[in-house]
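The values are calculated or read from the model by the stated rules, or taken from the named source; none is laboratory data. Remember, predicted model here, so these are calculated numbers, not experimental data. Neighbour counts run over all protein chains shown; Cβ positions are idealised from the backbone, glycine included. Remember, those area values only see protein heavy atoms, side chains included, never the ligands or the DNA or RNA. Shrake-Rupley method; radii C 1.70, N 1.55, O 1.52, S 1.80 Å.
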Amino acid sequence: MRHIVSILLENEAGALSRVAGLFSARGYNIESLTVAPTEDASLSRMTIVTRGSDEVLEQITKQLNKLVDVVKVVDLSESAHVERELMLIKVRASGKDRDEMKRMADIFRGRIVDVTESIYVIELTGSSSKLDSFIAALDSSLIVETVRTGVSGIGRGDRILKV
Amino acid sequence: MMISGAEIVIRCLQEEKVEYVFGYPGGSVLHIYDAFFKQEQVQHILVRHEQAAVHAADAYSRSSKKVGVALVTSGPGVTNTVTGIATAYMDSVPMVVITGQVPTAYIGQDAFQECDTVGITRPCVKHNFLVKDVKDLAITLKKAFHIAATGRPGPVVVDIPKDITAQMCEFEYPKTIQMRSYNPVVKGHLGQIRKAVQLLQDAKRPILYTGGGIILSNAAEKLTQLAHRLGFPVTNTLMGLGGFPATDRQFVGMLGMHGTYEANMAMQYADVIIAIGARFDDRVIGNPEHFGEQPRKIVHIDVDPSSISKRVRVDVPIVGNIPEVLDEMLRLTEADFKVQPAVAEWWKQIEEWRGRQCLNYRQGERIMPQFVVEKLYEVTGGNAFVTSDVGQHQMFAAQYYKFDQPRRWINSGGLGTMGVGLPYAMGVLFANPGAQVACVTGEGSIQMCIQELSTARQFNLPIKIINLNNGYLGMVRQWQEMFYNNRYSESYVTSLPDFVKLAEAYGHVGIRIEKPEDVVPALEKAFTEHKDDLVFMDFIIDPTANVFPMVAAGKGLTEMILAEDL
Ligand SMILES: Cc1ncc(C[n+]2csc(CCOP(=O)(O)OP(=O)(O)O)c2C)c(N)n1
């Protein structure tokens, strides 16, 4: 099962490596990890996408809570939430491919943010699976480079993760 | 008044009422050592290897209710402590380790004696800090002591760059500390405790299975009170020995890989297990699938939620401070509480198992290790602090020395670190001056920290070393005999020193004992005539002696090999 774990932690040097170290030491997998300070600069918010049974997730949550720098942990995927990931993808866009690329970007609501004679950089935001579908929809020989941020997530409505 | 960072360190230690710091000096901590020199309240104990400093601080803590403190220099000083820190971490021992670091401006430049202390120790500490501003020094040390001793205890490392110890700052030690990210649970959930008490009432084949958490939380008396009220059998883990009196009829012995027949059988076939401060680890329950085959209900009380349902699914989890949870259970069982009549039947069954007398052995021509430990128990009246190293001798000590009090049995259970025995005995003596302290060890283990005989000389520590010398890395040899068809690969220790002469060379007393009839006289001599000396007793024992019962790795808890089977 895929889970999205949201963590509020002290914005201290080394806090990230404590979390990353915990995952590697205990053999939990990390599909993606994003982190940045919150509106309160003394706190960071981290989103980790992981896979595991309910038992494994229970352990992950407990172990994370044990870290002294961790303030709060929730499994977002337990209930309604919004998840987004950003991708920048550099594609070949020359000749007949140029129009086709533009059209594909439009269909997926991407934006072309850099243009040269033969290259587009397309910015695309959405769920991870939407980004996956976009990549799948393109002719792979035209993809030059991709970079993805990993998932960020937030609970819907009044599900709030705050101190 | 402005004082230096080094003086702040000392003042913090004084505020924490630290009596002893175990350590070893070096470049990056010279300011701190200079500050030590100028005061008398906190005494520094100079060891001969940083590993021993940490082990000694660890045992100081284990054998008292205080936080042990160690101090070492940067680089190799730190790397030498890692074994000691990991050992304390695995057994949840509260400890503060202060490490020197290269000056702030040099960090990351591969400076002389630089290492990434926070990085290296991160996986084996409860928490660690790098102090980057002298203004944070006092509060960081306050946090370190607070974190080490509360919740599930553990070691905390505070890394202090040299320039910080030279800078000047106002000193104020915070009285209390609030951390939004660290608030260990204290009170158990009352509803859960009620459910647990209901199970105690319904149980027909109950067992109290208790571990190191009882000792760490000082809950031995409350456990004993509850156990007596319930009349249920009690088993301890290796770490829990002394948490319930071993001489009590209700005690069925240690359980696990080298547990008693009755303890392992009772654990497997119980219909209700009340686990307190224990963690169902692999050395305790054997193969988890085999263990899981029996239908039963499990109550698990622990201060650390991550210990609950980690290896075994639990029915009634109770997260909380053990003494407070036990208080609540005692309150709820005060009136109108009756256990099932069937418990009497269960005791009959247990007595039958006990009748197998699984710890019997034959004392023949050569000295048996079990015999030495039994006699040690008699000669010390069961009142000694016993430290051990790791191997067969450790198991013999655990099986044959009956601990009636907590914090008397000091060993490395979780990490299984050879070499702890002698420095542990030192730490125990600093925490308990005048106490009888025996270090039960083997000729392999003792050589891993043998240099501490010099520290013991310097501080006149009258440790009684019981070297169960079988000429083998005995526990390794036992596995090779049983599972590798007698291929004794690298388990024979040749070129042993003459331990008697070695002890004498360090200024101690050495005695070699080769005949069974000399065992008691030697022990008596050591504990009376040589009461104030360190005595190294080199017992030349039967090299073929093995530890039984034994649950082989991967086997089920009841699939024990007994001495009588062979
Ligand atoms: C530091 C360390 N290295 C290796 C081991 C593996 N080990 C466990 S028991 C043992 C043999 C111990 O021999 P000895 O101290 O002579 O005790 P005996 O088993 O003979 O009583 C070894 C090598 C260990 N536990 N710790």
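Observations
- Extreme residue, nearest to the other protein chains (Cβ to nearest Cβ), among residues of the stretch B:163-173 that are hydrophobic (A, V, I, L, M, F, W, C) and open to solvent by less than 70 Å² (accessible area, probe 1.4 Å): B:164
- Test: residue in the stretch B:333-342 that is outside the structural domain of residue B:207 (by TED's automatic domain parsing), surrounded by fewer than 24 Cβ atoms within 10 Å (Cβ to Cβ) and over 19 Å from residue B:215 (Cβ atoms): no
- Entirely in the stretch B:262-364, the strands (runs of 3 or more DSSP E) that have 1 or more residues that are more than 14 Å from every other protein chain (Cβ to nearest Cβ) and free of Cβ contacts under 8 Å to residues at least 60 places away in the same chain: B:297-302
- Reported count of residues in the stretch B:150-162, each being within 13 Å of chain A (Cβ to nearest Cβ) and over 27 Å from residue B:215 (Cβ atoms), is 1.
- Of residues in the stretch B:375-408 being assigned to a helix (DSSP H, G or I) and away from the ligand (no atom under 16 Å from the Cβ), the one surrounded by the fewest Cβ atoms within 10 Å (Cβ to Cβ): B:378
- So residue A:79, is it more than 14 Å from chain B (Cβ to nearest Cβ), closer than 20 Å to residue A:5 by Cα, over 16 Å from the mean Cα position of the chain (by Cα) and not charged (D, E, K, R): yes
- Pick from the stretch B:73-91, criterion within 21 Å of residue B:150 (Cβ to Cβ) and open to solvent by less than 10 Å² (accessible area, probe 1.4 Å), ranking: nearest to the ligand (Cβ to nearest atom): B:87
The rows are residues; the columns are (1) assigned to a helix (DSSP H, G or I); (2) farther than 16 Å from residue B:145 by Cα; (3) among the small types (Gly, Ala, Ser).
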residue	(1), (2), (3)
B:7	yes, yes, no
B:35	yes, yes, yes
B:39	no, yes, no
B:65	no, no, no
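- Qualifying residue in the stretch B:327-345 (condition: touching a Pro at 6+ places or on another chain (Cβ under 9 Å) and of a type in the set (D, E, K, R)): no
- Residue B:418 meets all of the listed conditions (1) open to solvent by less than 30 Å² (accessible area, probe 1.4 Å); (2) near the ligand (Cβ under 8 Å from one of its atoms); (3) assigned to a loop (DSSP other than H, G, I, E, B) but one, namely (1).
- Applying the set (1) surrounded by 24 or more Cβ atoms within 10 Å (Cβ to Cβ); (2) part of a loop (DSSP other than H, G, I, E, B) to residue B:425 leaves exactly one unmet item: (2).
- Scan of the stretch B:451-468 for residues that are surrounded by fewer than 21 Cβ atoms within 10 Å (Cβ to Cβ) and within 16 Å of the ligand (Cβ to nearest atom), ordered by number: B:451
- The number of residues in the stretch B:504-523 being outside any loop (DSSP other than H, G, I, E, B) and not β-branched (Val, Ile, Thr) comes to 10.
- The stretch A:147-161, subset assigned to a loop (DSSP other than H, G, I, E, B) and open to solvent by less than 60 Å² (accessible area, probe 1.4 Å), residue nearest to residue A:127 (Cα to Cα): A:151
- Qualifying residue in the stretch B:106-115 (condition: within 13 Å of chain A (Cβ to nearest Cβ) and within 29 Å of residue B:153 (Cα to Cα)): no
- Restricting attention to the stretch B:53-106, the residues being farther than 17 Å from residue B:413 by Cα and among the small types (Gly, Ala, Ser) number 9.
- Among the conditions (1) open to solvent by 10 Å² or more (accessible area, probe 1.4 Å); (2) within 29 Å of residue B:222 (Cβ to Cβ); (3) within 15 Å of the ligand (Cβ to nearest atom), the only one that residue B:368 does not satisfy is (2).
- Residues (assigned to a strand (DSSP E or B) and either more than 14 Å from the ligand (Cβ to nearest atom) or surrounded by fewer than 14 Cβ atoms within 10 Å (Cβ to Cβ) (or both)) located in the stretch B:469-491: none
- In the stretch B:174-191, the residues that are within 14 Å of chain A (Cβ to nearest Cβ) reach residues that are part of a loop (DSSP other than H, G, I, E, B) and open to solvent by 70 Å² or more (accessible area, probe 1.4 Å) with C-beta atoms within less than 8 angstrom, at least six apart or across chains, in these pairs: B:180/A:163.
- Verdict on residue B:494 being within 16 Å of the ligand (Cβ to nearest atom), of a type outside the set (A, V, I, L, M), within 28 Å of the chain's Cα centre (by Cα) and open to solvent by 70 Å² or more (accessible area, probe 1.4 Å): no
- Residue match in the stretch A:41-59 (condition: within 11 Å of another protein chain (Cβ to nearest Cβ) and either within 18 Å of residue A:135 (Cα to Cα) or free of Cβ contacts under 8 Å to residues at least 12 places away in the same chain (or both)): yes
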